[in-house]
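Participant: Structure below; questions to follow.
The values are calculated or read from the model by the stated rules, or taken from the named source; none is laboratory data. As the structure is a prediction and not an experimental result, all values here were calculated from the model. Virtual Cβ from ideal backbone geometry, glycine too; neighbours counted across all protein chains shown. Side chains are part of the model used for accessible areas, which takes the heavy atoms of the whole protein and leaves out ligands, DNA and RNA. Shrake-Rupley method; radii C 1.70, N 1.55, O 1.52, S 1.80 Å.
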Amino acid sequence: MRWDRIWKSGGGGPAATGGSSRKRKAPPPPPAKQQQQMYLDFGQRSFGRQIECAVCGMLYTEGEPEDEKEHQRRHQRAVRGVVMPAVADERVVERREDGSRLVVIDGNTASPLWRRRLVEAKAVLDAELGDSPLPRGCRAFVCLSAAPT
């Protein structure tokens, strides 16, 4: 008996498996892991210290540029409030002697700028008074001071 016939007739070679010399596709590489900035603590006193601001109430990490930048932004908002300079399309209900004005903002007809300002003002109020939903199509009366404090 010849070895090539044994091989072809079921000896387990390529001819027995139907000539499948096709290569299998390699599995896709695993997704890249999310990298995270790590720090070495060598006993620095101010390194990684968390501080809660007494004015704005934000908890941030000292020495972390992103945290400090966000703290500056929130601190200024807490101190100054939301800045709403006068614009041409505002609907003034009343002007006061001290220069402040009472403005009505209609949720259905207000410009996107006024809606955005109303949401910012509401966020400041929510931090102090608690969160409450802003009804769709509401009308808000806002008293705006003449100059930032």
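Participant: Roughly speaking, to the nearest percent, how much of segment 49-112's 1.4 Å accessible area is carbon and sulfur? Each step should come with its number before you reach the end.
Facilitator: On the way: 2050 of 4440 Å².
Here carbon and sulfur together make up 46 percent of the probe-accessible area.
Participant: Now for a separate question. For segment 74-90, in order, what is each residue's ³J(HN,Hα) by Karplus, 6.51 cos²θ - 1.76 cosθ + 1.60 with θ = phi - 60°, in whole Hz (x at glycine and Pro)?
Facilitator: 3J(HN,Hα) across segment 74-90, in whole Hz: 5, 5, 4, 5, 5, 7, 8, x, 8, 7, 10, x, 5, 10, 5, 8, 6.
Participant: Oh, and also: With a point put 7 Å past each Cα toward its Cβ, work out how far A140 is from Q36 in nm, to one decimal.
Facilitator: Distance between the two pseudo-spin positions: 3.6 nm.
Participant: From zero outward in steps of 5 Å, how is the percent of C-alpha pairs of segment 67-149 spread across the bins?
Facilitator: Answer for segment 67-149: a P(r) of 3, 13, 22, 24, 20, 13, 5, 1, 0 percent.
Participant: With a point put 7 Å past each Cα toward its Cβ, work out how far A26 is from M58 in nm, to one decimal.
Facilitator: About 4.7 nm separates the two model spin labels.
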